[in-house]
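A.B. asks: Shown below is the structure under consideration.
The values are calculated or read from the model by the stated rules, or taken from the named source; none is laboratory data. As the structure is a computational prediction, the values presented were derived from the model and not from experiment. All Cβ positions, even for glycine, are placed from backbone atoms using ideal geometry, and neighbour counts span all protein chains on display. Quick note on the areas: whole protein, heavy atoms, side chains included, nothing else; ligands and nucleic acids left out. Shrake-Rupley method; radii C 1.70, N 1.55, O 1.52, S 1.80 Å.
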Amino acid sequence: RRILPQFRACTVASCKEEMYLQKIAPCYTRIQLIPNCISLSDYAGVAASPQPFTFVFTGSLSYGPNYTGMVWFLREVFPLIRARIPRARVIITGDHADLPLPECDSVTLTGLVDDVRPIVASSWISLAPILRGGGTRLKILEAMALRTPVVATWKGAEGIEAQNGEHLLIGDQPAEFAEAVVRLCCDSNLR
């Protein structure tokens, strides 16, 4: 409230953030909404054949919300998926920071990669199992640009004006998230 008037303008990436600022500082009127976006032309030439039952998570595990989201997914969700789709596997890109993950023989840690786009494009589903944190998950926009279906939590999809069931699938509970993944695996038209 005290700091904002010292700036000519303040940018935010979502309507929700704009409403928060308006609530905190109702007299400050120089808030500009600039949604997060990506350049589709950067993704147009990336072609890959999606590998059946391969899921990707892009992001550094040294970022706490990514790490806790993947621990939740691997511990609570992935066993439900594997019970129905035993061939399912997960690729995790980015710095894994030597953090421990639940043991699973179907998880590959790539570490940092030069270009994540071919990995996302060759996956059947992009995962965003984020349970806490803030900001927009640009990984979802990137997956969408590469025509890779997305399953996220509500928190993971926060800041993106995408509709559950139309642009992506959302599940906050382990069984809901697993069911969304299985639906996409079993329904090629939906995928």
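A.B. asks: How much area per residue is accessible in the stretch 1-109 when the probe is 1.4 Å and only protein heavy atoms are counted (Å²)? Let's see the in-between values first.
C.D. replies: Working: 6860 Å² over 109 residues.
Heavy-atom accessible area per residue stands at 63 Å².
A.B. asks: State, as an integer percentage, the relative contact order of the stretch 133-187 based on alpha-carbon contacts under 8 Å between residues 6 or more apart.
C.D. replies: The normalised contact order for the stretch 133-187 reaches 32 percent.
A.B. asks: Taking H placed 1.01 Å from N in the peptide plane, check which residues at least 5 places from Val56 or on another chain put their amide H under 5 Å from its amide H.
C.D. replies: Ile91, Ile125, Ser126, Leu127
A.B. asks: In square nanometres, what is one fourth of the surface area of the convex hull spanned by the alpha carbons of the chain?
C.D. replies: Values: hull surface 48.9 nm².
That works out to 12.2 nm².
A.B. asks: When the Kirkwood radius is taken over all Cα pairs of the stretch 105-169, what Stokes-Einstein diffusion coefficient follows at 37 °C and 0.692 mPa s, in µm²/s? Intermediate results must be reported in sequence, preceding the final value.
C.D. replies: Details: Rh = 12.5 Å.
Estimated diffusion coefficient is 262 µm²/s.
A.B. asks: So what is the relative contact order of the chain, in percent, for Cα pairs below 8 Å that sit 6 or more residues apart? Don't skip to the end; give the middle numbers.
C.D. replies: Numbers: 326 pairs, mean separation 41.0, N = 191.
Relative contact order comes out at 21 percent.
A.B. asks: If I take R0 = 35 Å and measure r between the Cβ atoms of Glu103 and His167 in this structure, what FRET efficiency does the formula 1/(1 + (r/R0)^6) give, to the nearest 0.05?
C.D. replies: On the way: r = 34 Å, r/R0 = 0.96.
Taking R0 as 35 Å, the efficiency between Glu103 and His167 is 0.55.
A.B. asks: Compute the Rg/Rh shape ratio of the stretch 36-120: radius of gyration over Kirkwood radius, all on alpha-carbon atoms. Kindly include the intermediate steps, with their values, before the conclusion.
C.D. replies: Details: Rg = 14.0 Å, Rh = 14.1 Å.
Rg divided by Rh gives 0.99.
A.B. asks: Here's another thing I want to ask about it. Going by accessible area, probe 1.4 Å, with all protein chains left in place, what is the ranking of Lys23, Lys155, Lys139, largest first?
C.D. replies: Working: Lys23 170, Lys155 60, Lys139 30 Å².
Order by accessible area, largest first: Lys23, Lys155, Lys139.
A.B. asks: Beyond 20 Å, what share of the Cα-Cα pairs of the stretch 1-77 remains, rounded to the nearest whole percent? Show your work: numbers first, answer last.
C.D. replies: Details: 1825 of 2926 pairs.
Above the 20 Å cut-off, the stretch 1-77 has 62 percent of its Cα pairs.
A.B. asks: I would also like to ask the following. Using only the alpha-carbon atoms, how far is helix 15-24 inclined from the longest principal axis of the chain? Give it as 0 to 90 degrees, nearest 10.
C.D. replies: Taking the Cα atoms of the chain, the angle to 15-24 is about 40 degrees.
A.B. asks: Report, in degrees rounded to the nearest 10, the 0 to 90 angle that the Cα long axis of helix 174-186 makes with the longest principal axis of the chain.
C.D. replies: Here the helix axis deviates by roughly 60 degrees.
A.B. asks: Using a 10 angstrom cutoff on alpha carbons, build the Gaussian network for the chain and name the most mobile of Leu74, Leu21, Leu61.
C.D. replies: Largest GNM mean-square fluctuation: Leu21.
A.B. asks: Could you work out Rg/(2.2 N^0.38 Å) for the stretch 10-51, with Rg from alpha carbons only?
C.D. replies: Values: Rg = 17.2 Å, N = 42, 2.2 N^0.38 = 9.1 Å.
That ratio works out to 1.89.
A.B. asks: Also, quick follow-up: Which log10 I(q)/I(0) values does the stretch 149-191 give at q = 0.16, 0.19, 0.24, 0.25 Å⁻¹ under the Debye formula, counting every alpha carbon as one identical point scatterer?
C.D. replies: For the requested q values the scattering log ratios are -0.36, -0.50, -0.77, -0.83.
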